[in-house]
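The values are calculated or read from the model by the stated rules, or taken from the named source; none is laboratory data. Note that the structure is a prediction, hence the values are computed from the model and not measured. Here the Cβ positions follow ideal geometry from the backbone for every residue, glycine too, while neighbour counts run over all protein chains shown.
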Amino acid sequence: MDAHGGRGFTLVEMLVAIGLLGLLGVISWRGLDYVAAQRERIDRDTEDLSRVLRVLSQLERDIAQRAADFMLPPPQSAPAVLPPSIIVHRAAEGAVALEIVRIAPRGGGPARAQRVVYRVTDAVLTRSASQAGIGLPVAPAGDAVDLLPGARRLSVRAYSGGFWSEADSAEARVQPPTRATALEVAVEAANGARYVRVFAL
C-alpha cells in the first residue's frame, strides 16, 4: 500500500493481463488472416468468372456475326443441321473444335469474311482467327490466343427437332434432318466447374 492508501497491481495480475492481451492478439491475428485469405479467394474467383463471361460474350458476338447461308457454298453431303457458317470438328480422342465463319466488322467497305476457331489446347481454351478477306474460300485461322487457362474440355450440342445432341452427330437424331434452332457451348474447367451458354441460331 502506498502513502496515499492506493493499491497497485501485483506481479500475478500483470502476468494475467499480459497473457490475456497476448491471447486476444493471437485470436485477432488468426481472424484477420482468415478474412484476408477469404478476400483473396473471392477476388481470384471473381477474376476467373469475369474472364469466363468475357469469353462467352466474345463467342456470342462471333455467332451473332456468322455469315448468312447464301454467302457460303451448300454442304456436299446430306442436309446439315448446323448452318454452313458453323462447323464442329471432333478429333479421334474426343477433342472438339468449334469453327465459325463470320462477317468481320467493317468501316464502310465491302463485307469481309473471317474464320475463327475455338478449341482446348494444353489445358487452355484458345481462339484463333484468320485475316478478314473479301473472297472465298476464307483463309485458315491463324495463331491462337489464350482465352481461358485451366480449361479441360469444350463440348458443343445442337437443338434440332426437339432433341439436344452432339453437334457433329445431330443429323442422325432427326429424320429428315431439321435445321438446329439453338447451339449449346460448354467449357469444363480442370477444377470441376462447368460453364454453359445457349445461343439462338
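Conditions (1) charged (D, E, K, R); (2) over 26 Å from MET71 (Cβ atoms), marked per residue:
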{"residue": "ARG115", "(1), (2)": "yes, no"}
{"residue": "THR121", "(1), (2)": "no, yes"}
{"residue": "ALA129", "(1), (2)": "no, no"}
{"residue": "LEU147", "(1), (2)": "no, yes"}
{"residue": "ARG152", "(1), (2)": "yes, yes"}
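Of all residues in region 143-160, those that are over 19 Å from VAL198 (Cβ atoms) have Cβ atoms under 6 Å from Cβ atoms of residues that are in a loop (DSSP other than H, G, I, E, B) and of a type in the set (A, V, I, L, M, F, W, C), 6 or more apart or on another chain, in GLY150/ALA190; ARG152/ALA190.
If the condition is being at pLDDT 85 or above and either within 15 Å of LEU72 (Cβ to Cβ) or touching a Pro at 6+ places or on another chain (Cβ under 6 Å) (or both), then region 85-112 contributes SER85, ILE86, ILE87, GLU99, ILE100, VAL101, ARG102, ILE103. Inclusion of LEU32 among residues that are over 30 Å from ALA151 (Cα atoms), modelled with pLDDT under 85 and in a helix (DSSP H, G or I) is warranted.
Before we move on, is GLN76 among the polar types (S, T, N, Q), under 30 Å from PHE163 (Cβ atoms) and at pLDDT below 85? Walk me through it before giving the result.
Details: among the polar types (S, T, N, Q): yes; under 30 Å from PHE163 (Cβ atoms): yes; at pLDDT below 85: yes.
Criteria met by GLN76.
Every condition in (1) at pLDDT 90 or above; (2) farther than 20 Å from ARG119 by Cβ holds for PHE163 except the one numbered (1). If you go through region 62-73 and keep only what is modelled with pLDDT of 90 or more, assigned to a helix (DSSP H, G or I) and surrounded by 12 or more Cβ atoms within 10 Å (Cβ to Cβ), you end up with ASP62, ILE63.
Screening ASP146 on (1) modelled with pLDDT under 90; (2) farther than 22 Å from ALA200 by Cβ; (3) out of contact with any Asp or Glu (no Cβ under 8 Å at 6 or more places or on another chain) shows it passes everything except condition (1). A Cβ distance below 7 Å, combined with a sequence gap of six or more or placement on separate chains, defines the contacts here; from region 38-60, residues that are surrounded by 10 or more Cβ atoms within 10 Å (Cβ to Cβ) reach residues that are at pLDDT 90 or above and of a type in the set (Val, Ile, Thr) in the pairs LEU59/VAL185. In region 170-180, the qualifying residues are those that are out of contact with any Pro (no Cβ under 6 Å at 6 or more places or on another chain) and surrounded by 13 or more Cβ atoms within 10 Å (Cβ to Cβ), and the one that is modelled with the lowest pLDDT is ALA170.
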